[in-house]
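The block underneath contains the structure these notes are about, expressed in structure tokens.
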Amino acid sequence: MDAMVMDTTSWLMLAAALIIAALAVLGVMMYHRQQSRRLRERFGPEYTQAISAHGRHKGEAELKQREKRVKGLRIVPLPASEAASFSHAWKTLQSRFVDSPQGVVAEADRLVRDLMQRRGYPMADFEHRAADLSVDHAAVVGHYRAARLIAQRDERGEADTEDLRKAVVHYRALFEELCEAEEPRRTHDARPAHS
């Protein structure tokens, strides 16, 4: 009878261990699925690009690394006066495009890089800049990539006026998102005290 009780107890313990292991595996799978969904929602098309380039595991690890790296940066909004200055420079650039599109794309690239640097983004190579931008500006990083491709074609003399126009439109989408001014500080009402 004792052997039979032992066998039943052993089987119950084994079954409990298997159930616990299955629940742990299920929990890990749910965690990974939730992380994938979070990354997909945060990075949008950049998620798809990372997965296509590196596979799911390495692509997601790359996106998490981007988040970690950008979290360590000090990205700041612009003071209102600087945002106005950048906006004025952009309007001037656009008005020159009509009369002389040559050189405007290179100038737009330079203005976007100046804006990024002023906001606190490191000025590494293009891929690192785009990767850093993708963390908080995933919706427009595709515009940055498209503009850069046209700018490279322009450098080789392969871009026509329509291509240059498209590049400026792409740069503008990124520029407008990055040209974020800090909120003005509210002053407390200086109301006289009632006696």
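Across the stretch 14-64, what is the number of residues that are surrounded by 12 or more Cβ atoms within 10 Å (Cβ to Cβ) and farther than 28 Å from residue 138 by Cβ?
0
Name the residues in the stretch 77-92 that are without any contact (Cβ under 8 Å) to a residue 24 or more places away in the chain and within 21 Å of residue 123 (Cβ to Cβ), would you?
The answer is 85, 89.
Looking at (1) surrounded by 13 or more Cβ atoms within 10 Å (Cβ to Cβ); (2) at pLDDT below 95, which is the one condition that is false for residue 86?
Failing condition for residue 86: (2).
Which of the residues belonging to the stretch 113-141 are in a loop (DSSP other than H, G, I, E, B) and loosely packed, with under 14 Cβ neighbours inside 10 Å? Give the derivation first.
Of all residues in the stretch 113-141, those in a loop (DSSP other than H, G, I, E, B) come to 120-125, 137.
Within the stretch 113-141, 120, 122, 123, 124, 125 meet the criteria.
Suppose we filter the stretch 98-115 for residues that are at pLDDT 90 or above and under 15 Å from residue 147 (Cα atoms); how many remain? Working first, answer last.
So the first thing to find is which residues in the stretch 98-115 are at pLDDT 90 or above, and the list is 104-115.
Next, only the ones that are under 15 Å from residue 147 (Cα atoms) stay: 104-113.
The total comes to 10.
Quick check on residue 74: is it exposed (fewer than 10 other Cβ atoms within 10 Å of the Cβ), touching a residue at least 24 places away in the same chain (Cβ under 8 Å) and either in the same structural domain as residue 115 (by TED's automatic domain parsing) or not acidic (Asp, Glu) (or both)? If you could, list the steps in order and put the result at the bottom.
Values: exposed (fewer than 10 other Cβ atoms within 10 Å of the Cβ): yes; touching a residue at least 24 places away in the same chain (Cβ under 8 Å): yes; either in the same structural domain as residue 115 (by TED's automatic domain parsing) or not acidic (Asp, Glu) (or both): yes.
Judged against the criteria, residue 74 is a match.
Confirm whether residue 186 is of a type in the set (Lys, Arg), at pLDDT below 95 and out of contact with any helix residue (DSSP H, G or I) (no Cβ under 8 Å at 6 or more places or on another chain).
On the way: of a type in the set (Lys, Arg): yes; at pLDDT below 95: yes; out of contact with any helix residue (DSSP H, G or I) (no Cβ under 8 Å at 6 or more places or on another chain): yes.
When the stated conditions are applied, residue 186 passes them.
Checking the condition modelled with pLDDT of 90 or more, more than 23 Å from the chain's Cα centre (by Cα), within 27 Å of residue 44 (Cβ to Cβ) and charged (D, E, K, R), which residue from 118, 165, 129, 156 passes?
On the way: 118 fails: more than 23 Å from the chain's Cα centre (by Cα); 129 fails: more than 23 Å from the chain's Cα centre (by Cα); 156 fails: within 27 Å of residue 44 (Cβ to Cβ).
Among 118, 165, 129, 156, only 165 is modelled with pLDDT of 90 or more, more than 23 Å from the chain's Cα centre (by Cα), within 27 Å of residue 44 (Cβ to Cβ) and charged (D, E, K, R).
The values are calculated or read from the model by the stated rules, or taken from the named source; none is laboratory data. Computed from a predicted model, the values in this text were never measured in an experiment. Cβ coordinates were reconstructed from backbone atoms using ideal geometry, including for glycine residues, and neighbour counts include every protein chain displayed.
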